[in-house]
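J.: Take a look at this one; I'll ask things after.
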Amino acid sequence: MNNILAVLTGTLMSAVWLMPAALAQTACVTQNMVVPAGANTSDHAAPFFIDTTSLDFSTKPPTRDPNHPNYPRATELPDGTLPPGGAEGNFIIGPTHAPAPVAKDGVPKGTTISFTISSKESVIYNPGLIRDDVAGCGNSSIMIAATAPGDKSSIIVTTSHPGTWTRTIDVYIPPNYVRGTEAPFIVLGDGGSTAWKDMNTTLDNLIQQRRVPPMVSIQIGNGGQDAQGAQRGREYDTVSGTYAQFVEREVLPLVEQRAGVKLTKDPEGRATMGLSSSGTAAFTMAWFHPELYHRVLAYSPTMVNQQWPWDPSLRGGAWEYHSPWAGPAGPNLTVKAGVLTPSEAPGAPLIPSAPTKPIRYWFEMGDQDLFYPNPTIPDGMHDWTLSAELMAKVLAAKGYHYQFLFARNARHVDRPTVAQTLPAALEWTWKGYPIP
């Protein structure tokens, strides 16, 4: 074992020393749209299997067939329609995605206040994370990064280091809010995203139509960059209660102070919402803290293996909400006090192995959503569309209240699909909450 550890340590150190030179010589690497090189697509019983059945590779990314026999049965709706109000289960929509006609003239409008916070003011996320990438090449350093020897799921990120983040918090206050009264609220990850550009107008109209309760909306900007080694990835892809505690202890008190609102403590009156990795974070907030949140809404949630640093107790990251880790049974290697050490890790998926929690969950995924976007991770746990189908399957088996929309002709966080579904999704998410 000592000899093996010495070889592995040497390999990792070599990757560290060679990375800067590789970055300096490598052109931009674009997002992957095909099965990564070296992937296991033939032996289902072998580690890191990637199932390519029902995939149409004529599109980029490839398109999934929602009628795959291993997927939950879904009701296909006529093009341009959505499920009836309050309906639960699995539905197929599209391929046309026209914006919902929600905006009306003369509707009372809420007000918005904004403020900025920095990691220098944080206890939980101070310092932040910054990853050095090639200028103009996005997350280039992780697109050419190596994985740990023998483990295609554990990416080695050598370009990440402590840094300072700043973020904007935008607070929507509903029309006619009476200062000092307790209000329900929704927390949005990736605040400032173009996907949320119509959120306040949508709330103005839904509140006026009494389709949702008058609520405060809190858009929280992410900490910067994306994926492994970045602050955004650290916040959203980590499968723990840390981000929920950051919001509870460091953001919400400032919202109450600076916006002059009083936020409810009742988890029935608290919702989380996000897109992509912040969609995963929205679910994670409720999963680890159901005493804080019961309602969740997500577009293209990243229920795949994006967690970094690698965690031996949850090797597959968010993939393990619905499925076992796709790699070999172990022993696995982790780092303790700077030394690679054997580690046995549990493999039971989180949702199937835990008592049903009081979570109401609406989520959507496109038929052309992300498929192994990083060409260096052929780990069997990076198919976004498949992950959503598997989530629907385990949620149904455990008796959760959920609605899952499989959207035809839709890509990752598909903007036309968001515009089509957001009003109905918000109404579904808040079903059962009293409207004055």
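The values are calculated or read from the model by the stated rules, or taken from the named source; none is laboratory data. Quick caveat, the model's predicted, so the values are computed rather than measured. Cβ: placed from backbone, ideal geometry, glycine included. Neighbour counts: every protein chain shown. Keep in mind that these areas ignore ligands, DNA and RNA; they rest on the heavy atoms of the full protein, side chains included. Shrake-Rupley method; radii C 1.70, N 1.55, O 1.52, S 1.80 Å.
J.: If I go through region 373-401 residue by residue, how many of them are among the aliphatic types (A, V, I, L, M), open to solvent by 10 Å² or more (accessible area, probe 1.4 Å) and either within 26 Å of Met33 (Cα to Cα) or in a strand (DSSP E or B) (or both)?
T.: Of region 373-401, the ones among the aliphatic types (A, V, I, L, M) are 377, 381, 386, 388, 390-392, 394-397.
Checking the rest, the ones that are also open to solvent by 10 Å² or more (accessible area, probe 1.4 Å) come to 386, 390, 394, 396-397.
Within this subset, residues satisfying the condition of being either within 26 Å of Met33 (Cα to Cα) or in a strand (DSSP E or B) (or both) are 386, 390.
Looking only at that region, the number is 2.
J.: Look at region 296-314 and say how many of its residues are farther than 21 Å from Leu188 by Cα and open to solvent by less than 10 Å² (accessible area, probe 1.4 Å). If you could, list the steps in order and put the result at the bottom.
T.: Going residue by residue through region 296-314, those that are farther than 21 Å from Leu188 by Cα are 305, 308-314.
This time we only want the ones that are open to solvent by less than 10 Å² (accessible area, probe 1.4 Å), so: 305.
So the count comes out to 1.
J.: Would it be correct to say that Ala410 is in a loop (DSSP other than H, G, I, E, B) and either aliphatic (A, V, I, L, M) or at pLDDT 95 or above (or both)? Working first, answer last.
T.: Values: in a loop (DSSP other than H, G, I, E, B): yes; either aliphatic (A, V, I, L, M) or at pLDDT 95 or above (or both): yes.
Yes.
J.: OK, next. From the list Ser54, Ser42, which one is more than 30 Å from Gly136 (Cα to Cα) and under 25 Å from the mean Cα position of the chain (by Cα)?
T.: Numbers: Ser42 fails: under 25 Å from the mean Cα position of the chain (by Cα).
Among Ser54, Ser42, only Ser54 is more than 30 Å from Gly136 (Cα to Cα) and under 25 Å from the mean Cα position of the chain (by Cα).
J.: Considering only region 346-358, I want to know if a residue exists there that is at pLDDT below 95 and of a type in the set (S, T, N, Q).
T.: Yes; the residues of region 346-358 include at least one that is at pLDDT below 95 and of a type in the set (S, T, N, Q).
J.: OK, next. Which residue is farthest from Thr112 (Cα to Cα), if the candidates are limited to region 205-222 and must be open to solvent by 10 Å² or more (accessible area, probe 1.4 Å) and in contact with an Asp or Glu (Cβ under 7 Å, 6 or more places away or on another chain)?
T.: Across region 205-222, the extreme among qualifying residues is Arg211.
J.: For region 60-116: of the residues being among the hydroxyl-bearing types (Ser, Thr, Tyr), in contact (Cβ under 8 Å) with a residue 24 or more places away in the chain and part of a loop (DSSP other than H, G, I, E, B), which is surrounded by the fewest Cβ atoms within 10 Å (Cβ to Cβ)?
T.: Quick first cut of region 60-116, residues among the hydroxyl-bearing types (Ser, Thr, Tyr) only: 63, 71, 75, 81, 96, 111-112, 114, 116.
Now narrow it down to the ones that are in contact (Cβ under 8 Å) with a residue 24 or more places away in the chain: 63, 71, 96, 111-112, 114, 116.
Now narrow it down to the ones that are part of a loop (DSSP other than H, G, I, E, B): 71, 96.
Numbers: Tyr71: 20, Thr96: 12.
Once the filter is applied, the top-ranked residue is Thr96.
J.: Quick check on Phe283: is it touching a Ser or Thr at 6+ places or on another chain (Cβ under 8 Å), open to solvent by 30 Å² or more (accessible area, probe 1.4 Å) and either without any contact (Cβ under 8 Å) to a residue 12 or more places away in the chain or aromatic (Phe, Trp, Tyr) (or both)? Reasoning before the result, please.
T.: Values: touching a Ser or Thr at 6+ places or on another chain (Cβ under 8 Å): yes; open to solvent by 30 Å² or more (accessible area, probe 1.4 Å): no; either without any contact (Cβ under 8 Å) to a residue 12 or more places away in the chain or aromatic (Phe, Trp, Tyr) (or both): yes.
Answer is no for this residue.
J.: What is the one condition in (1) modelled with pLDDT under 95; (2) more than 20 Å from Gln231 (Cβ to Cβ); (3) among the hydroxyl-bearing types (Ser, Thr, Tyr) that Ser140 does not satisfy?
T.: Evaluating Ser140 over (1) modelled with pLDDT under 95; (2) more than 20 Å from Gln231 (Cβ to Cβ); (3) among the hydroxyl-bearing types (Ser, Thr, Tyr) leaves (2) as the failure.
J.: Please state which one of Phe363, Phe404 is part of a strand (DSSP E or B), in contact with a helix residue (DSSP H, G or I) (Cβ under 6 Å, 6 or more places away or on another chain) and either crowded, with 23+ Cβ neighbours inside 10 Å or aromatic (Phe, Trp, Tyr) (or both). Break it down into steps so the answer makes sense when it comes.
T.: Working: Phe363 fails: in contact with a helix residue (DSSP H, G or I) (Cβ under 6 Å, 6 or more places away or on another chain).
Answer to the selection: Phe404.
J.: Does region 124-136 contain at least one residue that is in contact with a His (Cβ under 8 Å, 6 or more places away or on another chain) and assigned to a loop (DSSP other than H, G, I, E, B)?
T.: Yes: region 124-136 contains one or more residues that are in contact with a His (Cβ under 8 Å, 6 or more places away or on another chain) and assigned to a loop (DSSP other than H, G, I, E, B).
J.: Then there's this: Scan region 244-265 and tell me whether some residue there is within 14 Å of the chain's Cα centre (by Cα) and open to solvent by 10 Å² or more (accessible area, probe 1.4 Å).
T.: If we filter region 244-265 for residues that are within 14 Å of the chain's Cα centre (by Cα), which is where we start, we get 244.
Then keep just the ones that are open to solvent by 10 Å² or more (accessible area, probe 1.4 Å); that gives none.
No: region 244-265 contains no residue that is within 14 Å of the chain's Cα centre (by Cα) and open to solvent by 10 Å² or more (accessible area, probe 1.4 Å).
J.: Please go through region 309-333 and give me each residue that is hydrophobic (A, V, I, L, M, F, W, C) and at pLDDT below 95, ordered by number.
T.: Keep residues of region 309-333 that are hydrophobic (A, V, I, L, M, F, W, C), which gives 310, 314, 318-319, 325-326, 329, 333.
Within region 309-333, Trp310, Leu314, Trp325, Ala326, Ala329, Leu333 qualify.
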